[in-house]
Amino acid sequence: MKNLEKEYKDQIDREVPDLWSRIEAGVDAYEAEKKASGTIESSTPVTETPTNITPICKKNVISIITRIAAIAACVLILAATVKVTQRTKSESASPAADAAMSEMPQNTAEPDSIRREEEASEAPDYIAPIAEAEVDEEPSNTYKPIAGADSDKNASPSLSPSESAVIKDPVTFDDARDDLLPQLESLGFKLIKDFVFEDSVDKRSLTDDVISDDIDIRVASFTDSKTSDKYYVVYTVNDDGAADILIVRKADNTGDILYTNPSYKNK
Amino acid sequence: MTEATFDACIQAILKGDKQGLRDIYDAYLDYIYRIVYGVVGSREDAEDITSEFFIKLWQQADRYKAGSGHKAYLATIARNMAIDHTRKYKKEVLESFTQESDDDVVIEPVSSDNTEAEVIEDIAIKEAIGKLNPKEQQIINMKILSEMTFQEISDILKCPMGTVTWRYREAIKKLRRYGYYEES
């Protein structure tokens, strides 16, 4: 018969590994930390009685925090998705925008009638008012979103940089004017002056239901420098951020429609 | 190691001399490891806790009161660290003792006839211990390796002391059949 206690203790003693290197490394790390912090605090004191630890409670707290974080992440993702979806819906209301531009006669070369202000002194008479308008009437020509109709456009500042790089949204009327003048010229309007943004007219009354209601429309006007006839230009901003002419009509009592963009017509 | 020697080692530690810790390590590594192993029952955990024990001894050497019985002091700290570890990471082990069913209480009966005293198989101690059920192993480990009283084991396992002593006796009977006796 063998002594149980002696045999068992001896057996365990034979299995004891050399832990000195680990202990020494731990001591060195502690000393380095103590030097760095300048304190002699210890993280967990050695106690002569077992501390009352409730691992279940800790696990619950961690679990709750994890769940809250997961829910918050889901809400953020959902909010971002809804926002992008709403924006995409509103901008996709003019699906034929690209087709309209392609169907409209284009004049890719810069026409004489839309030279920049630095060339105003050399420009023909009819372009001078435009140049002046760019310089002097900047504040009044600044694009002002109309309540309701342009609400989605107002959301553009909250877009992320990557989104705003994809969707070019003209903020000012000047941006739209750069797109509209060549189109007007291609339609035969060459003697344009006083080309300004109209923010006081009833926009929808100018469309005569020719244009779909779900298209976001804006209105500008200009005067023929030769005949002094005034015209309204109903336009929209397509998915690429470029302005497309929808309707050109006289601003007098007749209200004759001189041009309708076939790509935006009511089906 | 005498009390005076141990006190000198603590003084060396307080001065930042690692040799003081090394001397305690050389004298008590086996003892501490055995106590810890008796509670946690795992070599890996026992190594971790034993290492941590000596590091904490270095960190909190100033808390030791000279002449207060260093061996009991070391054993108490080692035991408590092991118990804390078990409560943290092995709660299910402790719970298994508190959720006993009637089936758990009925352990493989050991005959009380004359064959009880016979050695039926001469095997190594590790193998013999391995033939006990886990609950018996834990009580044997705590009693023999960690040198705990039945009351301490009962408190830790949250199990009636009568059950602890009964299990211990059953385990001793089984071990006797493998050639091991308990020195009373």
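The values are calculated or read from the model by the stated rules, or taken from the named source; none is laboratory data. Nothing here was measured: the structure is a model prediction, and the numbers come from that model. In this analysis, Cβ positions are derived from the backbone assuming ideal geometry, glycine residues included, and neighbour counts consider all displayed protein chains.
Considering only residues in region B:4-16 that are more than 11 Å from chain A (Cβ to nearest Cβ) and either surrounded by 18 or more Cβ atoms within 10 Å (Cβ to Cβ) or charged (D, E, K, R) (or both), the one that is farthest from A:Val16 (Cα to Cα) turns out to be B:Lys15.
Taken over region A:212-267, the residue count meeting the criterion of being among the small types (Gly, Ala, Ser), farther than 23 Å from A:Lys190 by Cβ and outside any loop (DSSP other than H, G, I, E, B) is 1.
For region B:154-171, enumerate the residues that are touching a residue at least 12 places away in the same chain (Cβ under 8 Å) and part of a helix (DSSP H, G or I). Show your work before the answer.
As a first pass, look at region B:154-171 and keep what is touching a residue at least 12 places away in the same chain (Cβ under 8 Å): B:156-159, B:163-165, B:167-168, B:170-171.
Within region B:154-171, B:Ile156, B:Leu157, B:Thr163, B:Val164, B:Thr165, B:Arg167, B:Tyr168, B:Glu170, B:Ala171 meet the criteria.
A residue that is charged (D, E, K, R), within 19 Å of B:Met142 (Cβ to Cβ) and in the same structural domain as B:Met81 (by TED's automatic domain parsing) occurs nowhere in region B:50-61. In a residue-by-residue description of region A:22-31, the property of being aromatic (Phe, Trp, Tyr), part of a helix (DSSP H, G or I), within 19 Å of B:Arg176 (Cβ to Cβ) and at the interface with chain B (Cβ under 7 Å from one of its Cβ atoms) applies to no position.
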